[in-house]
Every structure is written in C-alpha cells, then in structure tokens.
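Okay, structure first, notes after.
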Amino acid sequence: MESVFSTSKRKLLLEIAWEVCNQVGGIYTVIRSKVPAMVEKWDDNYVLLGPYFPQKAAAEFEPITDSDETEIGQTVRKMRQMGYEVEYGYWLVTGRPRVVLFNIQSIMPQLNAIKAGLWERHQLSTLNIEELVNQVIGFGEMVRVFLTLLADDHAKRVDLCAHFHEWMASTGLPDLRRDNVKIATVFTTHATMLGRYLAQNVDGFYGKLPFFDWQKEAKNYGIEAQATIERLSALQCHVFTTVSDVTARECEVFLGRNPDLILPNGLNVTRFAATHEFQNLHVKFKANIHEFVMGHFFQNYSFDLDKTLYFFTSGRFEFVNKGYDLTLEALARLNWRMREANMDMTVVMFMVTKQPFRSINPDVLHTRALLDEIRDTAKNIEQQVGEKLFLESAASSDLTMPDLNKFVDEYWRLRLRRTIQSWKTKKLPSFVTHDLVQEDAMTDYIKRCGLLNHAHDRVKVVYHPDFIASTNPLFGLDYGQFVRGCHLGIFPSYYEPWGYTPLECVVRGIPTVTSDQSGFGDFIMQIMRDYENRGIYVVNRRSQTFNEAADQLANILFKFVRASQRDRIMQRNRVESIAEVFDWSNLRSYYDTAHDLAVKRRKP
C-alpha cells in the first residue's frame, strides 16, 4: 500500500550550492538563471541552500521575519535552537525563491571532530588542506544536519529531493546515505577537479585519460581532499549527473561512475530578450568600442572604423584549456592572409581575462583622456560655428557657403591644435591595457606571434587582464553590452566541461566559435545539423593536431572577414533566432527527469 500513497505525496526540492547568494564562479550563473523556470514548476516547494557571507548576501538576500510554519521554517528554528546560525529569507533574483543560508563560523569549533569523523567513516584525508576546504566541510556538515532534521520530521508526508552542485556543496552527502536519511539525492559535477588540472598540465590529456590513477594524480596536485569528496559524492548519490558528454568521459576514470544523465546548461533568455532591437543595441554599444579603439590606436595611426570588426574571447586565465594559445596562433595566420590579400579590413581582437595587475596602464588612460579633451573642444567649436553660421546666413544675401574657419576663435583653434599635438605619438599602441604584475603566457605568445599592433597589421590585439564591468573607465560598458557591440566571440577551448561564453554570445545575437571539446560545442553538434549556417562554428580539437585546428580556425575567421556586411547582419538574425533552444524553460526537463529518478530510486 505504501507505494500507492507515496505517489500522491507532495514533493519538496532543495538545491544546494556554494554559489547560492554568493557570486564566485560559473555555477552562480547556472543556479541564478535557472531559478525562474524552477519556481514556475515547483512554486513554494523549491528552496535553495547556500553559505552565508554577510557582505556578499547583503545585496541579494531579504530575511523572512514573521513566523513561518512551513517544513523549512520549522527546521530552521530547530537548528537555531541547537546553536547554529542560520539565515532564512528570499533570494532577490527573478523568481524570488526561498533560501536558507548557513553561517559557517558557527560550526568552526567542531571542525576537527567533523574531519576526524570523515576520516573514520570514509577515509577522507584532510591533512594540510587550504582554508577554503575547511569552510566547505563546515558548510557541508550544516547542510547534513539541516536535511537530517527535515527528513526526520517530515519525510513521512513529503517526498524530499536534495540536488547538490559540485564537491563544494556535498561533503555531507556520503553520511546522509550512510545514515539512510529519507531523502533522495542528486549530485552534479560541473567539471572534475582532476580534469581541470591535468588538461592544463599534461600534453595529449584526452589520449591518456583512461590510464590516469586518480588518487596518485590528486596527491600530486595537492587536491586529494577535493577529489575524494567529489568521488564519494558521485558514488553515494542516488542519481549522478554532469553537464556534458565531454565531462562524462572523465567521470568514469576519476569518479568511478558513469553519469546517469546529462543536464545541459541554459540561460533565462527572457533576461536578454530584445528581439526587435538587438541590431540597434549592437550599433549602440559598438560606438562605445569605437571610442576605445580611437583612443588606443589613432594617436599613432588610423584605420576605417566602418571596415573594422571586433572579435573577443573571455574567461578564466587557463591559457591552454581556454584555447587562448590556439586563438592567437589562428589570428597570426589570419593577419598574414589578410595582408597577402591586400585587404583594407581591420580586425581588433580583445583578449579579456583576469590576471594580477597593478593598475590600468597610465599611457592608455592618458590617451583616452586626451581623446575626450579633443571631443569636448570639437563640441565647443561646433557650437560656436553653428551659432555664427546661423547669424551670418540669416543676415547675408550671398547664397554660397561661408568660410567656416573664420567663425572659430583663436583660443579654440590653438587648444585643438595643442591637444592633437600632445595626443599624437610615434609609439606603437600597447597590446596590453594594464600594468601586469609580471609577464605571462599571453604576453609571451603575443610577442612570439608578432601581433604587436604595427600600422601594417590587419589584426590588432588588445589584451585586457580584467573582467569588463560598467565601472571600467576604458569601455564604460558592462560585459553583456560589450558582447553585443562585438561581431564575433572566439572560444576554441581544449578543456571546457560546458562553456557559458559562447552561449552568452548566441542569446545576444552574436556569432560564435566553440570547439568539440567543450560541452556546449558537443551539445550543438548533437542537436543541430546546420549550426555553422546559424553562426555557430565548431573547431575540431578532438581528432586534429594543434596546427590543423589553428588552420581550421584561421579559415573560419578569414571567411568571416570576407563576408559582406549584409551577410553578417543576416547571420546575427539567424543566431538570435536559435537562442530559444537554450532557454531554461526548455532545458529544465532534463532536471525534472533527474529529480523524478532520484525519488524513485530512494524508495525501497
């Protein structure tokens, strides 16, 4: 009879991640953008659990102050009575879901006992771990206590499902299973710890994948605790998932289990929807990029901005994993081909990532300030000429155009001449916008490729070692606006479990390059036949050498540069039209399947 009644039980879904109300990485985008689609399906039966960092949470969290008699409200009260600091309220994002945030400091006195228990029960070694892992273990234990209390009091009436994202949320998962807590568990790895380290450091990583010894490699890189938590979580959960078939290949080797399901990532496309005017937005934000380019390059030499294309790449500074090396190599080849073909087009490539720097390069700021000065002077001259021209035209019977020079005061002529004079320079435009703490793989490769921004170079490079935000004085754009102002995003990753950056281009109507080693590229190849026609180019990094892949990418870029403006506009329309595929309202069903399967598997 039990199973008959259980089908009518209410379901309560808890999603657990280190990034809830805590913007520290890509999973924040996954969780946050998915919220509206989850709330649409689950309504009040959807709750998120995360760590409580007062400064991070301040902007996004609103406490629930009145008495709350829901299962979650009762469990929060119980935990507080036990001496734990627990915050309960709403996450102020679209969908306004309920969240429970745990203040890790309140459990730190018990940390050594928790670690001893993890070693005793699961042989999880925590010797010499970094502070972040200590915090994660504290968070995981508070989540375990919360879910155990919740299940003890309410599992008879409610089917509970807990979905853990990454090892940083799941240190308590193995004990939930060991203690037979009545809660269905799903664990999603968005990237294996070992995969990220090995792909960056071992040549021919994918060919060697089946032969790695996970424990030996984890010890080698000093990440044994993280890799063990990840492996235990994958083995102990009811349903194990990852974000792409690309990552699934690693899971078998490093985590000892093949994923049950693949959960591809989406975006809340309505957030970006401006279908009827996204072309206008492209033109508007491109004007901001034009200003930067004029300030950066025109002090030395100029080129036709109407015949200039803006390419960009962005992401964490993982030089090989993100394909920055391949991108620069292909750009050097593109530069040579454009010069050989005597083309009058210019490509400006922005390499946007995060590296330690002292400040924005003073020369770069200075030239930008002087350009602003030229603009202000020109506006004053324009105003003066306009007024005098109007008076002259009204009073004169001469129908010919008067000499406009005579309308400009000597003061403004001199000021314009002096500003232009102090702006112009013989120095080559810098290929890096900031003073780096030290030279890195990017600057080395740029020099090796000879992409040094000479006047005769058809491809110019701007390495911007800081993420783009609206407070940035160089562009005055936020990242989304910057993307819209560009013509092409280039992300030929060697190691990329999913890859949000090309997807963010697609939903903004910007053509993009990805690779078959990225989860996004792999997914596109599975669901779409004519993806290239739609403005998504996939570089083959699975079976081609570095040299062959660089040639393929150079060909893609050369073809893109030679296309007519009309063709590029049509392509932007086609890219924008497929964004719908990646809306969470369409991709949520993958998550629904995982949650249903977990609840089914937990039942005896």
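The values are calculated or read from the model by the stated rules, or taken from the named source; none is laboratory data. The shown structure was predicted, so the numbers you read here are calculated from the model rather than taken from an experiment. Cβ: placed from backbone, ideal geometry, glycine included. Neighbour counts: every protein chain shown.
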**Complete:** From the option list Thr29, Thr75, single residue qualifying as surrounded by fewer than 20 Cβ atoms within 10 Å (Cβ to Cβ), touching a residue at least 40 places away in the same chain (Cβ under 8 Å), β-branched (Val, Ile, Thr) and in a helix (DSSP H, G or I) is Thr29
**Item:** Among the candidates Val483, Val513, residue that is more than 22 Å from Gly195 (Cα to Cα) and part of a helix (DSSP H, G or I)
**Value:** Val483
**Request:** Please give the number of the condition Lys216 fails out of (1) of a type in the set (D, E, K, R); (2) in contact (Cβ under 8 Å) with a residue 40 or more places away in the chain; (3) surrounded by fewer than 18 Cβ atoms within 10 Å (Cβ to Cβ).
**Result:** (2)
**Request:** Report yes if some residue within segment 581-604 is within 30 Å of Val459 (Cβ to Cβ), of a type outside the set (Phe, Trp, Tyr) and either surrounded by 13 or more Cβ atoms within 10 Å (Cβ to Cβ) or assigned by TED's automatic domain parsing to the domain that holds Met338 (or both); otherwise report no.
**Result:** no
**Request:** Answer yes if at least one residue in segment 344-353 is modelled with pLDDT of 80 or more and either more than 27 Å from Gly480 (Cα to Cα) or not assigned by TED's automatic domain parsing to the domain that holds Leu557 (or both), and no otherwise.
**Result:** yes
**Request:** For segment 237-247, indicate whether the set of residues that are farther than 25 Å from Tyr479 by Cα, in a helix (DSSP H, G or I) and not hydroxyl-bearing (Ser, Thr, Tyr) is non-empty.
**Result:** yes
**Message:** With under 18 Å from Gly295 (Cα atoms), of a type in the set (A, V, I, L, M), more than 22 Å from the chain's Cα centre (by Cα) and in the same structural domain as Phe298 (by TED's automatic domain parsing) as the only criterion, which of Val459, Val437 stands out?
**Reply:** Val459
**Request:** Of the conditions (1) part of a helix (DSSP H, G or I); (2) within 23 Å of Pro259 (Cβ to Cβ); (3) in contact with a Gly (Cβ under 6 Å, 6 or more places away or on another chain), Thr171 clears all except one; give me its number.
**Result:** (1)
**Asked** Looking at segment 192-200, is at least one residue surrounded by fewer than 24 Cβ atoms within 10 Å (Cβ to Cβ), among the charged types (D, E, K, R) and closer than 22 Å to Tyr495 by Cβ?
**Response** yes
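When you look at Phe311, is it in contact with a His (Cβ under 7 Å, 6 or more places away or on another chain) and within 23 Å of Lys559 (Cβ to Cβ), yes or no?
Yes; evaluated as a whole, the condition is true for this residue.
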**His296 vs. criteria under 21 Å from Tyr479 (Cβ atoms), buried (at least 17 other Cβ atoms within 10 Å of the Cβ) and either modelled with pLDDT of 95 or more or not charged (D, E, K, R) (or both)** = yes
**Item:** Sole exception among (1) surrounded by fewer than 22 Cβ atoms within 10 Å (Cβ to Cβ); (2) hydrophobic (A, V, I, L, M, F, W, C); (3) in contact with a Cys (Cβ under 9 Å, 6 or more places away or on another chain) for Cys251, by number
**Value:** (3)
**Prompt:** Considering Glu69, Glu120, Glu62, Glu141, which residue is assigned to a strand (DSSP E or B) and either out of contact with any Pro (no Cβ under 6 Å at 6 or more places or on another chain) or modelled with pLDDT of 95 or more (or both)?
**Reply:** Glu62
**Message:** Can you say whether Leu101 is surrounded by 14 or more Cβ atoms within 10 Å (Cβ to Cβ), touching a Cys at 6+ places or on another chain (Cβ under 9 Å) and outside any helix (DSSP H, G or I), as far as the supplied structure shows?
**Reply:** yes
**Asked** If a residue has to be hydrophobic (A, V, I, L, M, F, W, C) and assigned to a helix (DSSP H, G or I) to count, how many in segment 486-510 make the cut?
**Response** 3
**Request:** Might you let me know whether segment 30-49 holds any residue that is out of contact with any Leu (no Cβ under 6 Å at 6 or more places or on another chain) and over 17 Å from Leu14 (Cα atoms)?
**Result:** no
**Prompt:** Which pairs have Cβ atoms under 7 Å, sit 6 or more apart or on different chains, and link a residue in segment 116-145 that is without any contact (Cβ under 8 Å) to a residue 40 or more places away in the chain and among the aliphatic types (A, V, I, L, M) to one that is part of a helix (DSSP H, G or I) and crowded, with 19+ Cβ neighbours inside 10 Å?
**Reply:** Ile137/Ile114; Ile137/Lys115
**Request:** Determine, yes or no, whether Arg339 is in the same structural domain as Val437 (by TED's automatic domain parsing), out of contact with any strand residue (DSSP E or B) (no Cβ under 6 Å at 6 or more places or on another chain) and on the phi < 0 side of the Ramachandran plot.
**Result:** yes
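Given the criteria in a loop (DSSP other than H, G, I, E, B) and not assigned by TED's automatic domain parsing to the domain that holds Met349, does Pro210 qualify?
Against the criterion (in a loop (DSSP other than H, G, I, E, B) and not assigned by TED's automatic domain parsing to the domain that holds Met349), Pro210 does not qualify.
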**Prompt:** Being acidic (Asp, Glu) and surrounded by 23 or more Cβ atoms within 10 Å (Cβ to Cβ), is that true of even one residue in segment 274-293?
**Reply:** no
**Message:** Show the residue pairs meeting these rules: Cβ distance below 7 Å; 6+ apart or different chains; first residue within segment 536-563 and under 22 Å from Thr501 (Cα atoms) and touching a residue at least 12 places away in the same chain (Cβ under 8 Å); second residue among the hydroxyl-bearing types (Ser, Thr, Tyr) and part of a loop (DSSP other than H, G, I, E, B).
**Reply:** Val538/Tyr531; Arg541/Tyr494
**Message:** Would you confirm, using the coordinates I've provided, whether Arg508 is more than 22 Å from Tyr479 (Cβ to Cβ), crowded, with 24+ Cβ neighbours inside 10 Å and either in contact with a helix residue (DSSP H, G or I) (Cβ under 7 Å, 6 or more places away or on another chain) or among the hydroxyl-bearing types (Ser, Thr, Tyr) (or both)?
**Reply:** no
